[in-house]
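A.B. asks: To start, I am sharing the structure in question, which I have written as structure tokens.
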Amino acid sequence: MKSNKLREIIKSGEPSIGTRLLSVWPGMVEIVGHTGIFDYVEFLGEYSPWDLHDLENFGRVVELFDMSSMIKVDQNNRAFIAQRALGSGIQNILFTDIRTVEDARECVSIVRAETPQTKGINGAANRRNVGYYLEAGSPEYVKAMDEAVVALMIEKKEAVDNLDEILSVEGIDMVQFGPGDYSLSLGYPRQRNHPKVKEAELETIETAIKKGIRPRVEIGSIDYKIENLQKYVELGVKDFSLPSEGKIVYEWLKKHGENIRKSLFI
């Protein structure tokens, strides 16, 4: 089975750079791969329309490059999506809408193989990641599921209230603070920079580092200033992700379209 580059980076203590895609088009994954910059590419499955064939094609094209892969999954059917994504060859899972320690434990168990040692609920399915029949239920499969990176979105008031307990769950590798959902759960819709939101982000980062978990930060704009990134580095953050191509295209078109319009209608 293919080695997991993101897991190798975490083991080595090195920093990582990922980017996110709304599109499941394999060509877009190839464009990311051809840059030679990214350690992994994340499909935002929570937001986009897709089918199981798309997940297999996403997994196939990632393997053309020296990259790993991740999928962001919905909350209500997360076990089905996560296990089918892993079976398609997508190696790492970002779980959304975590609220309680029970949610966190469930997410870890969804990914890990169902053995007495690993205590997961992921069985020996004949899927693409094991060559359909070649390595199903094998020791190599168990190792691959154990090395799949389990990442959690910390994006609800309840999750921050339970943060220390949640991040004490064994098997969590990475967290990302979600200011959009968090501000919504506080009753401050879209106020991502509200002082209480920034306070919760800092608490999430500091608690994760204390627990030996990697906090990831999304670089949210084409106008992002390097000094803003440096502030996170000084906190101990090593993992960063660029926004999806949808946001990048929107911001580029808006900025340059407005400039052209202004020059035409002076």
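The values are calculated or read from the model by the stated rules, or taken from the named source; none is laboratory data. Being a predicted model, the structure only gives us computed values, none of them experimental. Every residue, glycine as well, gets a Cβ built from its backbone with ideal geometry; the counts of neighbours run over all protein chains shown.
A.B. asks: If Asn193 meets every condition in (1) closer than 20 Å to Glu251 by Cβ; (2) of a type outside the set (Asp, Glu); (3) in contact with a strand residue (DSSP E or B) (Cβ under 9 Å, 6 or more places away or on another chain) apart from one, which number is that one?
C.D. replies: (3)
A.B. asks: Separate question: Go through Glu135, Glu42 for me and flag whichever is closer than 30 Å to Tyr182 by Cβ, among the charged types (D, E, K, R) and touching a residue at least 24 places away in the same chain (Cβ under 8 Å). Break it down stepwise before answering.
C.D. replies: On the way: Glu135 fails: closer than 30 Å to Tyr182 by Cβ.
Answer to the selection: Glu42.
A.B. asks: Here's something else I'd like to know. Taking Gly257 and the conditions (1) small (Gly, Ala, Ser); (2) surrounded by 16 or more Cβ atoms within 10 Å (Cβ to Cβ); (3) within 27 Å of Ser23 (Cβ to Cβ), which numbered condition does it fall short on, given that it satisfies the others?
C.D. replies: Of everything listed in (1) small (Gly, Ala, Ser); (2) surrounded by 16 or more Cβ atoms within 10 Å (Cβ to Cβ); (3) within 27 Å of Ser23 (Cβ to Cβ), Gly257 misses just condition (2).
A.B. asks: How many residues does the stretch 30-48 contain that are surrounded by fewer than 17 Cβ atoms within 10 Å (Cβ to Cβ) and within 18 Å of the chain's Cα centre (by Cα)?
C.D. replies: Count: 3.
A.B. asks: Please enumerate the residues belonging to the stretch 26-57 that are outside any helix (DSSP H, G or I), over 15 Å from Leu242 (Cα atoms) and touching a Phe, Trp or Tyr at 6+ places or on another chain (Cβ under 9 Å). So that I can check it myself, show each step before the final result.
C.D. replies: Just the residues of the stretch 26-57 that are outside any helix (DSSP H, G or I), to begin with: 36-51.
Narrowing further to those that are over 15 Å from Leu242 (Cα atoms): 45-51.
Listed by number, the list holds a single entry, Trp50.
A.B. asks: Looking at Asp66, Asp51, which one is loosely packed, with under 14 Cβ neighbours inside 10 Å, in contact (Cβ under 8 Å) with a residue 60 or more places away in the chain and either out of contact with any Lys or Arg (no Cβ under 6 Å at 6 or more places or on another chain) or under 20 Å from Ile154 (Cα atoms) (or both)? Break it down into steps so the answer makes sense when it comes.
C.D. replies: Working: Asp51 fails: in contact (Cβ under 8 Å) with a residue 60 or more places away in the chain.
Going through Asp66, Asp51 in turn, the sole match is Asp66.
A.B. asks: Let me ask something additional. Report, by residue number, each residue of the stretch 71-82 that is out of contact with any Gly (no Cβ under 7 Å at 6 or more places or on another chain) and either in a helix (DSSP H, G or I) or surrounded by 24 or more Cβ atoms within 10 Å (Cβ to Cβ) (or both). If you could, list the steps in order and put the result at the bottom.
C.D. replies: As a first pass, look at the stretch 71-82 and keep what is out of contact with any Gly (no Cβ under 7 Å at 6 or more places or on another chain): 74-80, 82.
Selection gives Arg78, Ala79, Phe80, Ala82.
Here is a yes/no grid of residues against (1) crowded, with 19+ Cβ neighbours inside 10 Å; (2) more than 25 Å from Ser68 (Cβ to Cβ); (3) touching a residue at least 40 places away in the same chain (Cβ under 8 Å):
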{"site": "Val142", "(1), (2), (3)": "yes, no, no"}
{"site": "Met153", "(1), (2), (3)": "yes, no, yes"}
{"site": "Lys156", "(1), (2), (3)": "yes, yes, yes"}
{"site": "Glu165", "(1), (2), (3)": "no, yes, yes"}
{"site": "Glu203", "(1), (2), (3)": "no, yes, yes"}
{"site": "Lys225", "(1), (2), (3)": "no, yes, no"}
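Let's see how each residue does on (1) among the β-branched types (Val, Ile, Thr); (2) surrounded by fewer than 17 Cβ atoms within 10 Å (Cβ to Cβ); (3) touching a helix residue (DSSP H, G or I) at 6+ places or on another chain (Cβ under 8 Å); (4) not in a loop (DSSP other than H, G, I, E, B):
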residue: Ile98; (1), (2), (3), (4): yes, no, yes, no
residue: Ala104; (1), (2), (3), (4): no, no, yes, yes
residue: Lys119; (1), (2), (3), (4): no, yes, yes, no
residue: Ala125; (1), (2), (3), (4): no, yes, yes, no
residue: Glu170; (1), (2), (3), (4): no, yes, yes, no
residue: Ser183; (1), (2), (3), (4): no, no, yes, yes
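A.B. asks: If you take the residues of the stretch 205-223 that are crowded, with 16+ Cβ neighbours inside 10 Å and at pLDDT below 95, which of them is farthest from the chain's Cα centre (by Cα)?
C.D. replies: In this case the residue turns out to be Ile219.
A.B. asks: Moving on to the next point. Identify the residue in the stretch 227-266 that is in contact (Cβ under 8 Å) with a residue 12 or more places away in the chain and aromatic (Phe, Trp, Tyr) and, among all such residues, is nearest to Ile205 (Cα to Cα).
C.D. replies: Tyr232
A.B. asks: Also: Name the residue, out of Ser23, Ser3, that is farther than 25 Å from Phe177 by Cα, hydroxyl-bearing (Ser, Thr, Tyr) and in a loop (DSSP other than H, G, I, E, B).
C.D. replies: Working: Ser23 fails: farther than 25 Å from Phe177 by Cα.
Criteria check complete, one pass: Ser3.
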